[in-house]
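Note sheet for the following structure.
The values are calculated or read from the model by the stated rules, or taken from the named source; none is laboratory data. Only a predicted model underlies this, so the values are computations on that prediction, with no experimental measurement involved. We place every Cβ from the backbone using ideal geometry, glycine too, and count neighbours over all the protein chains shown. The area values use the complete protein model at the heavy-atom level, side chains included, leaving out ligands, DNA and RNA. Shrake-Rupley method; radii C 1.70, N 1.55, O 1.52, S 1.80 Å.
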Amino acid sequence: MTTEPLLLRAHRLDDRVAVVTGAGSGIGRATAQVLAAAGALVVCADIDGPAARRTAAGIGGSAAALDVADRAAVFALLETTAAEHGRLDILCNIAGIIRTGLVVDVQEADLDAVLGVNFKGTFHACQCAARIMSAQGGGSIVNTASGAIDSATPEIMSYSVSKAAVVQLTRNLAAEVGRYGVRVNAVAPGLVRTAMTARHYLLPDGSVDQAARAAAEKPLRRMSPLGLIGDPEDIAHAVHYLVSDAARFVTGQILRPNGGVAMPW
Ligand SMILES: NC(=O)c1ccc[n+]([C@@H]2O[C@H](COP(=O)([O-])OP(=O)(O)OC[C@H]3O[C@@H](n4cnc5c(N)ncnc54)[C@H](O)[C@@H]3O)[C@@H](O)[C@H]2O)c1
């Protein structure tokens, strides 16, 4: 017997039922694509319904328009998915937003919006999925933090706080549901080229200002021993590992796919 079937088996997700939030764009879209390529049945959820449908159409999955900040809607989607398929094996909480501003200028509405999507949205989905997965005797959840948890980057306090809260939620939940066979981990990506980060260098006509992009990426590129900026697939493969049986012994962990950047603060 070769070792290949063994290796493949640990990474296959055949017939596993997965929900991916933020699947309409960037890291969420790439994750939905990678999980589907590994055999999972993927429900692509995003507040941008047409974008979720485009991702789903490309991978033979299904789509749902979902605002993760809407607790009732999150519960409805996860419970319906579990009822339709008989189980819910994988949840990837990837939807996220960012608002910038100095701490002294942050508006309460912006703080609420960021915490509402990034932290409470993740919390709602974790709570519902953890109940379903605990009852069925297993499952895997991956949340999305950020390199911002390791730094004091100016002007993104609300975002950084929301992601630090996601880390603690991940660790607490992992400690509580491990006994039911449920694993809970997070990724903390470094800088990745997506719509979220393109705001630094996109011109009004949608084209890329190459000089602005190089300037925005330069500090992170210099901090990376690899000299790399991430693509969405780099994070998707890390998520895939965490949800697969290859990570059977891994829970409560924060995986940092970030080109080796060690934050200075
Ligand atoms: N791009 C990076 O450098 C980077 C770094 C670290 C962490 N992250 C995190 O990765 C995740 C994905 O970000 P991305 O870079 O792919 O950004 P993106 O803007 O390309 O994708 C975010 C997706 O989330 C969806 N979304 C936003 N609000 C939502 C809501 N209320 N309900 C459901 N869906 C919602 C958007 O419609 C979009 O499709 C986010 O949580 C982000 O904070 C990104």
Self-check item: Accessible area in the full protein assembly, largest first, 1.4 Å probe, for H124, H200, H11
Solution: H200, H11, H124
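If you take every residue apart from N143 with its C-beta less than 12 Å away from the C-beta of N143, what net charge results, scoring Lys and Arg +1 and Asp and Glu -1?
+3
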Exercise. Count charges around A211 for me, please; just the other residues with Cβ under 15 Å from its Cβ, Lys/Arg as +1, Asp/Glu as -1.
Key: +1
Self-check item: Extreme residue, positive dipole direction of the chain, given options G28, A10, G227 (C-beta unit charges)
Solution: A10
Quiz item: Can you give the relative contact order of the chain as a percent, counting alpha carbon pairs under 8 Å and 6+ residues apart?
Solution: 20 percent
Quiz item: Which order do R131, R193, R16, R199 take when ranked by solvent-accessible area (1.4 Å probe, heavy atoms of all protein chains), largest first?
Solution: R131, R199, R193, R16
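Report in % the part of the accessible area of the chain that belongs to carbon and sulfur, leaving out ligands and nucleic acids; probe 1.4 Å.
Values: 7140 of 12760 Å².
Ligands and nucleic acids excluded, carbon and sulfur reach 56 percent.
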Self-check item: Net charge dipole size for segment 1-68 [Lys, Arg +1 and Asp, Glu -1 on Cβ; Debye, nearest 20]
Solution: 100 debye
Exercise. Would you grab the residues whose amide H sits under 5 Å from the one on V261? Only those 5+ places off in sequence or on another chain, please, with H modelled 1.01 Å from N.
Key: none
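If you take every residue apart from A188 with its C-beta less than 12 Å away from the C-beta of A188, what net charge results, scoring Lys and Arg +1 and Asp and Glu -1?
Working: positive: K163, R256; negative: D150.
Taking every other residue near A188 into account, the sum is +1.
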Quiz prompt | Accessible area (Å², per residue) of segment 1-104, counting only protein heavy atoms and a probe of 1.4 Å | solution = 48 Å²
Self-check item: Unit charges at the beta carbon, dipole of the chain: most positive-side option, C126, A198, A174
Solution: A174
Self-check item: Listed residues A216, V184, A247: farthest to the positive end of the dipole of the chain (Cβ charges)
Solution: A247
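Hey, with R₀ at 30 Å, roughly what FRET efficiency would A135 and R9 work out to, going by the Cβ-Cβ distance, to 0.05?
0.70
Which number do you get for Rg(Cα) / (2.2 N^0.38 Å) in the chain? Before the final figure, lay out the partial values.
Details: Rg = 18.0 Å, N = 265, 2.2 N^0.38 = 18.3 Å.
That works out to 0.98 for the chain.
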Exercise. Report Rg (one decimal) and Dmax (nearest whole number) for segment 7-134, counting Cα atoms only, units Å.
Key: 15.3, 52
Quiz item: Sorted by accessible area (1.4 Å probe), largest first, how do I235, I149 line up?
Solution: I149, I235
Quiz item: Which percent of Cα-Cα pairs in segment 187-238 sits in each 5 Å bin, short to long?
Solution: 4, 20, 27, 25, 15, 7, 1
Practice problem: For L202, tell me the accessible area in Å² from a 1.4 Å probe, rounded to the nearest 10. | Solution: 90 Å²
Quiz item: How much accessible area per residue does segment 154-265 have, in Å², with a 1.4 Å probe?
Solution: 54 Å²
Self-check item: Rounded to the nearest 20 debye, dipole of the chain from Cβ charges on Lys, Arg, Asp, Glu
Solution: 560 debye
Quiz item: Along segment 240-253, what does the Karplus equation 6.51 cos²θ - 1.76 cosθ + 1.60 (θ = phi - 60°) give for ³J(HN,Hα), rounded to whole Hz, x for Gly and Pro?
Solution: 4, 4, 5, 7, 7, 5, 4, 9, 3, 9, 10, 8, x, 9
Quiz item: Whole-Å semi-axes of segment 142-265's equivalent ellipsoid, largest first, each the root of 5 times a Cα gyration tensor eigenvalue?
Solution: 29, 15, 13
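About the Cα centre of segment 16-138, what is the dipole size in debye to 20, counting +1 per Lys and Arg Cβ and -1 per Asp and Glu Cβ, all else neutral?
Details: 9 positive and 11 negative charges, 94 e Å.
With Lys and Arg at +1 and Asp and Glu at -1, about 460 debye.
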